[in-house]
Every structure is written in C-alpha cells, then in structure tokens.
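All remarks here apply to the structure that follows.
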Amino acid sequence: MKCAVHHSEAVGVCVYCGRALCAVCSPSGATQRLTCSENCATALAQNEKALSMLLQKHLQSVRINAFFYLLCGVLSIAGAFCANYYLPSPFLIWFCAGCGLIFSVSGIWQWLAARERGR
Ligand SMILES: [Zn+2]
Ligand SMILES: [Zn+2]
C-alpha cells in the first residue's frame, strides 16, 4: 500500500476516511489512531464524543431500569411477607415471592451489566 500523497510506503490508514498515510503524513507519529488531516481528527473526535454520550445515556436508562426492577422486587417480596401475616394464601405468597425474586435478580443483573460497560 502506498501513501496517497508521497508515493512512499504507507504506515497506516486514516481511521476516519480510510486514506493511506506514510510516516510523513501522520502528524503526531501515533500508530493506532492515524488521521490524515485536522478535519478528519476533529470529525473523529466529534464522532467519538457523540458515541460516548449516547452510551452514557443508554447506561443511565439501564441503571434507571435496574433500579425499578429492584424496587418491584423489594415490593413484591414485602408483599409476600405481608400476605404471610394478613392473608395467608399459599398461592399469593409464592406468587409474590417468585415475582420478587425474578425482579430482584434481573435488576441486579442489569445493574452489574451497566457497571461492566461503564468502565
Ligand atoms: Zn482522513
Ligand atoms: Zn505521505
């Protein structure tokens, strides 16, 4: 592969527009994140910023979901305990306890998944 400008051997391609670049073209000498021009570097930085903002928003909504799942889980388990005292019907108790368990587990699972991706 040859450099588009200098006809010497390319050391990489612009990560934004895909043009071949030689050692002279790559401004900072960085090897993994080559960009052919200021424009490409700026556009790339903006893209990444938008992407990370999108990811942050997504993670935030996952966290809110996880919180509500946990809340439902806690309420359902509380419901199972209340039913145990005030309305001792085995079906109601097991139903509430089962729902509570499922909600809690999915809440915790989502929370952990969001934490894992937030790093
Ligand atoms: Zn470029
Ligand atoms: Zn060049």
Restricting to the stretch 10-35, count the residues that are assigned to a loop (DSSP other than H, G, I, E, B) and either aliphatic (A, V, I, L, M) or at pLDDT 85 or above (or both).
14
Consider His7 against the criteria (1) assigned to a loop (DSSP other than H, G, I, E, B); (2) surrounded by 12 or more Cβ atoms within 10 Å (Cβ to Cβ): it satisfies all of them except one. Which criterion is unmet?
(2)
In the stretch 36-48, which residues are at pLDDT 90 or above and among the charged types (D, E, K, R)?
Glu48
Residues in the stretch 76-87: is at least one touching a residue at least 24 places away in the same chain (Cβ under 8 Å), assigned to a helix (DSSP H, G or I) and outside the structural domain of Gly18 (by TED's automatic domain parsing)?
yes
Which residue, of Leu51, Leu87, Leu71, is away from ligand 1 (no atom under 15 Å from the Cβ), modelled with pLDDT of 90 or more, more than 20 Å from the chain's Cα centre (by Cα) and surrounded by fewer than 17 Cβ atoms within 10 Å (Cβ to Cβ)?
Leu71
Going residue by residue through the stretch 22-39, is there one that turns out to be of a type in the set (Val, Ile, Thr) and without any contact (Cβ under 8 Å) to a residue 12 or more places away in the chain?
no
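The values are calculated or read from the model by the stated rules, or taken from the named source; none is laboratory data. Just so we're clear, the structure is a prediction, and the values are computed from it rather than from any experiment. Because the Cβ atoms are built from the backbone with ideal geometry, glycine has one as well, and the counts that use them run over all protein chains shown.
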